[in-house]
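Colleague: If you scroll down you'll find the structure; I have some questions about it.
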Amino acid sequence: MSQTLRFGDRSAAVRDLQRKLNTNGAELFVDGDFGDETEKAVRAYQLKVGLVVDGKAGEKTLGALANSDCTRLLRNVTLVVGAARLGVELAVIYAVNEVESAGSGFLVNGKPKILFERHVMHKRLALPRTEGDDQAALLRHADQLASQFPALVNIKPGGYIGGVAEHQRLAQARMIDPVCANESASWGAFQIMGYHAPRLGYASVDEFVQLMCLDENQQFEAFIRFIEADSNLLKALKGKKWAAFAKGYNGPAYARNLYDVKLERAYEQHANCGCGQEAA
């Protein structure tokens, strides 16, 4: 993973960044000091090419400077439109994107980031879906599968492998039940669970998965729909109630992971810079 260069850094990597920015229209003194002017130049470049304007030279910005394909990356205009749609400050959306997305919605092999939840798989297998379904029989079947494939079906969470290997777990779960498997994974940069698809207005979980595989803008669209569908989360975002939002979005472990603190700090940084307001 590429190093993220930011305000205050001093290194040979910053000098290289400054040189590349200069070839793209900046007029920086190449001294290896990531100060105000370098941050402004990074923001100007990000705005020019359509990337999220955060003033940090991370994997995406450095990749763009190296002429990498940026077609699947989250666009700045997507965040601007999303903020207007929710009726929140753009700095709020910038903060949530920074903290919750972990920087990217895709793995190095091009597949979307996922996390397969075996306990959700058990619940989805046991869920009656049509009139006449025998709930007791479904539960017995789910329990039987749990005894045979505990890494894929279980009443307890766990069994995570992480990264690309999560797609191997998903592929194995799809052999048991493809719909339940897709419902039992969280998808993309914002880790929206597949079983939310109908509630968020998708025709099916299959359509949801197809869109999550397209690009980060579709993944952000799923996040926006998720917030729109939860009045408490939307209220927390509008009021910048970081603890309430973090608890609702990340669960009770939010405090241990300091999500609320990270969100507040990220918001203050973006609000204070006054940048990234342009819908470019």
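Colleague: Please give me, ordered by residue number, the chymotrypsin sites (Phe, Trp or Tyr not before Pro) of segment 14-68 that lie in loop per DSSP and have at most 14 other Cβ atoms within 10 Å.
Modeller: Taking segment 14-68 and a limit of 14 other Cβ atoms within 10 Å, the loop chymotrypsin sites (Phe, Trp or Tyr not before Pro) found are Phe29.
Colleague: 5 Å is the cut-off here: which amide hydrogens, built 1.01 Å from N in the peptide plane, fall below it relative to Leu5, excluding neighbours closer than 5 in sequence?
Modeller: Residues meeting the amide H criterion: Ala57, Gly58.
Colleague: Placing +1 at every Lys and Arg Cβ and -1 at every Asp and Glu Cβ, with all other atoms neutral, what dipole size does the chain have around its Cα centre, in debye to the nearest 20?
Modeller: 380
Colleague: Over the chain, with a Gaussian network built from C-alpha contacts below 10 Å, which listed residue (Ala41, Ala66, Ala26) shows the highest mean-square fluctuation?
Modeller: Ala66
Colleague: Could you work out the local net charge near Glu207, counting Lys and Arg as +1, Asp and Glu as -1, over the other residues with Cβ closer than 13 Å to its Cβ?
Modeller: Result for the local shell: -2.
Colleague: Just the C-alpha atoms of segment 93-231: what Rg/Rh do they give, with Rh taken as the Kirkwood radius?
Modeller: Using Cα coordinates only, the ratio equals 0.99.
Colleague: In a GNM of the chain with a 10 Å cut-off on Cα contacts, which of Gly110, Gly82, Gly25 has the highest mean-square fluctuation?
Modeller: Gly25
Colleague: Please compute the contact order of the chain in relative form: average sequence separation of alpha-carbon pairs under 8 Å and at least six residues apart, divided by the residue count, as a percent. Don't skip to the end; give the middle numbers.
Modeller: Numbers: 415 pairs, mean separation 54.6, N = 280.
Relative CO of the chain lands at 19 percent.
Colleague: Same structure again: What residue among Leu233, Leu145, Leu125 has the largest mean-square fluctuation in a Gaussian network model of the chain, using Cα springs under 10 Å?
Modeller: Comparing Leu233, Leu145, Leu125 in the GNM, the peak value goes to Leu145.
Colleague: Averaged across orientations, what area in nm² does the convex hull of the alpha carbons in the chain project?
Modeller: Averaged projected area of the chain's Cα convex hull equals 15.7 nm².
Colleague: Still on this model: For a quick size check, give me the Cα extents of segment 1-99 along its three principal axes, largest first, whole Å.
Modeller: Each principal axis gives a Cα extent; for segment 1-99 these are 41, 27, 26 Å.
Colleague: What pairs in Lys111/Lys240; Lys40/Lys111; Lys48/Lys241; Lys113/Lys235; Lys48/Lys235; Lys113/Lys156 have C-alpha atoms more than 31 Å from each other? Intermediate results must be reported in sequence, preceding the final value.
Modeller: Numbers: Lys111/Lys240 33 Å; Lys40/Lys111 33 Å; Lys48/Lys241 33 Å; Lys113/Lys235 28 Å; Lys48/Lys235 33 Å; Lys113/Lys156 22 Å.
Cα-Cα > 31 Å for Lys111/Lys240; Lys40/Lys111; Lys48/Lys241; Lys48/Lys235; rest within.
Colleague: Okay, moving on. Peptides 87-97, 127-137, 154-164: what's the order by average Cβ count within 10 Å, highest mean first?
Modeller: 87-97, 154-164, 127-137
Colleague: Can you pick out the pairs among Lys238/Lys262; Lys123/Lys247; Lys56/Lys262; Lys56/Lys238 whose Cα atoms lie more than 20 Å from each other?
Modeller: Lys123/Lys247; Lys56/Lys238
Colleague: Over segment 152-236, what is the mean sequence separation of C-alpha contacts under 8 Å (at least six apart), divided by residue count, expressed as relative contact order in percent?
Modeller: Working: 74 pairs, mean separation 16.3, N = 85.
Contact order relative to length: 19 percent.
Colleague: In debye, nearest 20, what is the charge dipole magnitude of segment 164-280 about its Cα centre with +1 on Lys and Arg Cβ and -1 on Asp and Glu Cβ, if you could check?
Modeller: Its charge dipole is roughly 560 debye.
Colleague: Quote the charge dipole size of segment 143-207 about the Cα centre in Debye, to the nearest 20; the model charges only the Cβ of Lys and Arg (+1) and of Asp and Glu (-1). Please report the intermediate quantities before stating the final value.
Modeller: Details: 4 positive and 6 negative charges, 32 e Å.
Once rounded to the nearest 20, the dipole reads 160 debye.
Read-outs throughout are calculated quantities, based only on the coordinates presented, and are distinct from any laboratory measurement. Quick caveat, the model's predicted, so the values are computed rather than measured. All Cβ positions, glycine included, derive from the backbone under ideal geometry; neighbour counts span all protein chains shown.
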